[in-house]
Every structure is written in C-alpha cells, then in structure tokens.
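What follows is a short report on a single structure.
Where a number appears in this text, it was derived from the coordinates with a stated rule and is not lab data. Predicted model, so just to flag it, every value in this text is computed and none were measured. Cβ sites come from the backbone with ideal geometry, for glycine too, and all protein chains shown count toward neighbours.
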C-alpha cells in the first residue's frame, strides 16, 4: 500500500454519472438527489431507476427531472428487484466515472471531486472508495479531516480483502471508472446477497484501487431491514454468501492471480474464525439467538475451513461448552482476540 497526499485538480471537469435505484423511497429521494446535484468541481449526470414503486416515488422522480435537465429517469412498469434495477441504470451511464447511490443514502459534500481527482491523477486506478458514515436520524456532521490517498495494485487489495474475510465497503462511497465498469458487465444476478462484494473484487482484478482517507465520502442510512447481521441467523447467511463470493472469484476472474489458492484458503480461515468468535458469544448469551444456536454456527465454520478444529478459537469454544466463561474472562479474551478499537480506527482512517 502507498499513502499519498492529494494533488491539485486539473482544469478538466470530469462527468460523473450517479445511478439512483429507488423502490418506495420517495420520501428520501429529493435529499439523495440534492446531495448529488450540489457536488462541486465535477459535472454530474443523475439516472433515477424506479423499480415500480407503489408509494408515489415515480411522481417524485418525475418532478425532480422536470426541474433539472441533468436528471434522467428509467421507470419500470413491473418490479424487477434490486440487481436488475442497478444494471438497468449502469448500462445508461455516460460519465467518465460512475457511482451507485441508493435513494435512501447520501453523498458527502465534495465526495465526487475527491474520488475523480484521484482517478484523474492515477489512470491505472479503476475503483476508489472511502468511509461511509452510518446514520439513522439526522445526517452526521461533515468531517473535515485532512485528506490522504491510499493506493493499492489490484492484487494487493484483493489479498487484503481475502485475509480479512469480509467486504470493506457498502456502495455509496464507491466510484468506478466507466471503462472498468463496462468490462464488468454489471452486477451478477446469481449473487443477490453479495453482488457488491463480487463487483469490487472483479473490479480490482482489472485495475488499481484507491481510497479517500479523512473526509466522509457518503452517508449510509441504517434501517431495521438492513440490520440483519445483528442476529446470528443473518451472520450465517452472510458468511455463506461471502464464501460463495470468494470461491466463484478465485475460480473465475481471480484464478490467475499470484497465490490465488493461498488467498482463497486465507479467506476461508478468516470466515471460519469470525463464525467461531460468534459461536462463543452465542454461548455466553444463552446459546439460542434468533433461532440460530452456536452449534449451527460451528457447523458452518467447520464446513468452510475444516482446519478450524486445530485453531485456538475451536479450543475456546470447547472450553465454553464445558465451563461457561465469567465476565472477567470474556472481557480479557475480547481485548486479546478482536483488537476491535484499533482495527476500527485503522479501517476508518486508511481502509485497512
């Protein structure tokens, strides 16, 4: 990884296409669009794709388009679901760079100029991301931290995301070079639960990856409907989807990367360890949570990476079965194992 200071933007104003998929989010749509059209330093093209909403979203979209000739509409007569909606909008993009912004999310001020500036300076970079701050009610206060750029080759970034075993981005904070997007041919319909992670890995196989460090790049709205990972049934489904993503990637686009098999194994190990940590927590909290007990979690961990039976987390889980841990032991183990605050700080600042 290389850390770089931002360089002054040139005279050219790149065109950035922002695709806004919408289904029954008409109440949020004006704010999402305003966060795009108010971006400085770039020209914008907004493509709203309404997936046959039933809440009046189409009329909201039509009113927005009538008031601003930078906005175009695609209105589905029948509901096509999210992957088809994304792809319908992305196919119509004409900008140098492309962003997918859900109608309930927001771009941070200056986000598009920061990401396009990085890609203007580094033509080999095909994808740029940053930090997307969660919010439920009021939009977070804009962070004005000093800006740096993290730069990776594609294989470096793929190695990083494989060893971490998880997706590093949501979606609104990601900008793709359109020439890379055209090679990707959109989101994979066969992977509805992890299509974004699959997209980012395939993009990294085609070019370098950059990250904007410091200022927020987007604001990701948290709903009850997208908080599924707060229960263990959600964790099991998500881990299974991530496993499929890694396996398909290393059997396809990533098959020729250096150490592909080793990285695939590292991803399996990371997934299994994450599940075993969760299994220990499930035991601590009474074993049965949201219909998914620790035994189900352990079964999936062992299926993903059989060598987990030789890992310290497996031994910890067996100790938990025999003798539940007290509060002091759980506190010490969590600090030793997770290194949570440090990891969170590094991810927020540098995308590591």
What FRET efficiency do you get for residue 38 and residue 185 if R0 is 45 Å and r is their Cβ-Cβ distance, rounded to the nearest 0.05?
0.90
For residue 303 paired with residue 233, estimate the spin-label separation in nm (one decimal), with each label point 7 Å from Cα along the Cα-to-Cβ line.
1.7 nm
Rounded to the nearest 10 degrees, the helix 340-350 long axis (Cα) sits at an angle to the longest Cα principal axis of the chain of 30 degrees
Restricting to DSSP H runs of at least four residues, report the calculated mean residue ellipticity at 222 nm for the chain, -39500 (n - 2.57) per run over all residues, nearest 500 deg cm²/dmol.
-14000 deg cm²/dmol
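Counting other C-beta atoms within 10 Å, which of 153, 85 has the fewest, and how do the rest follow?
With the sparsest Cβ surroundings first, the list reads 153, 85.
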Identified option (computed Cα Rg over 2.2 N^0.38 Å; candidates [x] 1.04; [y] 1.20; [z] 0.96):
[x]
Please work out whether the stretch 131-254 counts as rounded, prolate or oblate from its C-alpha gyration tensor, where a ≥ b ≥ c are the square roots of the eigenvalues and a/c under 1.5 means rounded, while otherwise a/b larger than b/c means prolate and anything else oblate?
oblate
Considering Cα pairs under 8 angstrom that are at least six residues apart, work out the relative contact order of the stretch 119-278 and quote it in whole percent.
36 percent
Residue separation between residue 295 and residue 142 times 0.36 nm, minus their alpha-carbon distance, gives in nm 50.8 nm
Zone residues, the stretch 76-93, relative to residue 69, backbone N less than 20 Å from point 7 Å out along Cα-to-Cβ
93
Just grab the label-to-label distance for residue 319 and residue 1, each label 7 Å out from Cα along the Cβ direction, in nm (one decimal).
3.1 nm
Rounded to 5, percent antiparallel among DSSP beta bridges of the chain:
40 percent
Give the angle, between 0 and 90 degrees and rounded to the nearest 10, that separates the Cα long axis of helix 57-67 from the longest principal axis of the Cα atoms of the chain.
40 degrees
Calculate the length of the line joining the C-alpha centroid of the stretch 239-274 to that of the stretch 1-70, in whole Å.
34 Å
What's the angle, to the nearest 10 degrees (0 to 90), between helix 232-251's Cα axis and the longest principal axis of the chain?
70 degrees
Gaussian network model of the chain, Cα springs within a sub-10 Å range: biggest mean-square fluctuation belongs to which of 234, 254, 130?
234
Expressed in nm to one decimal, what extension gain is obtained for the pair residue 261 and residue 284 from 0.36 nm per residue of sequence separation less their Cα-Cα distance?
4.8 nm
The stretch 2-226: relative contact order from alpha carbon pairs under 8 Å, six or more residues apart, as a whole percent, is 27 percent
So, R0 is 22 Å and r is the distance between the beta-carbons of residue 81 and residue 59; what FRET efficiency does that work out to, to 0.05?
0.50
Among 196, 69, 105: highest mean-square fluctuation, GNM of the chain, C-alpha pairs under 10 Å:
69
How much length is gained if the chain between residue 170 and residue 153 is pulled fully straight, taking 0.36 nm per residue apart and subtracting their Cα-Cα distance, in nm to one decimal?
4.1 nm
